[in-house]
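Remarks on the structure that follows.
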Amino acid sequence: MTRHLLSIDDLSLDDLDELFRLTDGFVEVGRRRIPKVPALKGRTVVSLFYEDSTRTRLSFETAAKRLTADTMTFSVSTSSVKKGESVRDTVETIEAMGIDAIVVRHASAGVPWQVAQWSSASVINGGDGWHGHPTQALLDSYTIRTHLGSLEGHHIAIVGDIKHSRVARSDVAAFTKLGARVTLVAPGTLLPPSLEGWPVEVSHDLDAVLDEVDVVYLLRMQQERMTEALVPSLEEYTVGYGLTRDRAARLGDHVLIMHPGPMNRGVEIAAEVTDLPNAVILEQVANGVPVRMAVLFWLLGVGPPAVDPEGGE
Ligand code: CP
């Protein structure tokens, strides 16, 4: 049966342990002089990105290449999408070339599930609308785990534009599944209309929360998804909810400062705060490669490739 990675909700604790164990191995591969293994030789991984990306697309492509898979990159701006080709026709066209995995990012929630119905390849959700970004949550959890040993019993504040954030939704699912306590910190206008079923606490007072957390996870103000002004001004948002230099100075050295990127320096995080030793933002990016190697290997590591490179059995 074809395996997919569409949502953190689909992963059991055993699955998460297995993915982190695989990641540990691929971190070791990354330290080698030639950081490459033939684990997915003959497999083809496609990046099907209908939305912009730097980190997710490049780290999936790097991960695939380090596993010796072939890669195909699809760019909306230079493809037949510009001539009106539908997602379904695009997927079926790529599929006809013989592929094993599709990493899909789309502005509409649910598109990765549709792609999984139209394709026999493994589908990985690289971000769907406001809904989910499971590999970001895996790399965030892995990063916290490397510093704190585990997430169990640790307190994580997710601060900022929760309403529009697929990262927040996947992180809440992963962090709480792994035993963390999560507090969402935002003005009411930047929270989802209902938090029913979210296993979180909510605060509108960042200063009160900072004294008791192990991780401060900042989110970008996603102005491209806002249809109305949700804060009086970015300056006032920063006064209430930005991790300024003064607020960062109050944090203990052990408190991790995280951000999924891209950052709005000077809005949700002060530029100089990103250089503090406990700011692990580039470590998150670095961990994205071995985590995505683990995901690709977990999905494709067993079973025959779509096209056998040896032409044999
Ligand atoms: N964190 C993240 O998804 O970044 P990109 O949009 O650059 O992929």
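The values are calculated or read from the model by the stated rules, or taken from the named source; none is laboratory data. As the structure is a prediction and not an experimental result, all values here were calculated from the model. Here Cβ is always computed from backbone atoms with ideal geometry, including for glycine, and neighbour counts include all displayed protein chains. Areas reflect the complete protein model, heavy atoms only, side chains present, ligands, DNA and RNA absent. Shrake-Rupley method; radii C 1.70, N 1.55, O 1.52, S 1.80 Å.
Key figures
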| item | result |
| --- | --- |
| Residue selected from segment 122-154 under the condition in a loop (DSSP other than H, G, I, E, B) and within 16 Å of the ligand (Cβ to nearest atom), by the criterion nearest to A180 (Cα to Cα) | H133 |
| Residues of segment 48-79 satisfying the condition of being more than 14 Å from the ligand (Cβ to nearest atom), of a type outside the set (A, V, I, L, M, F, W, C) and modelled with pLDDT of 95 or more | K65, R66, T68, D70, T71 |
| Of all residues in segment 80-110 being more than 16 Å from the ligand (Cβ to nearest atom) and among the basic types (K, R), the one that is nearest to T135 (Cα to Cα) | R88 |
| Residue within segment 267-280 that is among the small types (G, A, S), surrounded by 17 or more Cβ atoms within 10 Å (Cβ to Cβ) and assigned by TED's automatic domain parsing to the domain that holds H164 present | yes |
| Count of residues meeting criterion [in a loop (DSSP other than H, G, I, E, B) and surrounded by fewer than 17 Cβ atoms within 10 Å (Cβ to Cβ)] in segment 73-121 | 11 |
| Subset of segment 251-266 [open to solvent by 20 Å² or more (accessible area, probe 1.4 Å) and away from the ligand (no atom under 16 Å from the Cβ)] | G252, D253, H254, G266 |
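Yes/no matrix, rows are residues, columns are (1) among the aromatic types (F, W, Y); (2) closer than 19 Å to T189 by Cβ; (3) in a loop (DSSP other than H, G, I, E, B):
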| site | (1), (2), (3) |
| --- | --- |
| Y237 | yes, yes, no |
| D246 | no, no, no |
| H254 | no, no, yes |
| I257 | no, no, no |
| V267 | no, yes, yes |
| E283 | no, no, no |
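For (1) in contact with a Gly (Cβ under 8 Å, 6 or more places away or on another chain); (2) open to solvent by less than 10 Å² (accessible area, probe 1.4 Å); (3) of a type in the set (A, V, I, L, M), each residue gets a yes or a no:
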site: G126; (1), (2), (3): no, yes, no
site: V182; (1), (2), (3): no, yes, yes
site: G188; (1), (2), (3): no, no, no
site: P192; (1), (2), (3): no, no, no
site: M221; (1), (2), (3): yes, yes, yes
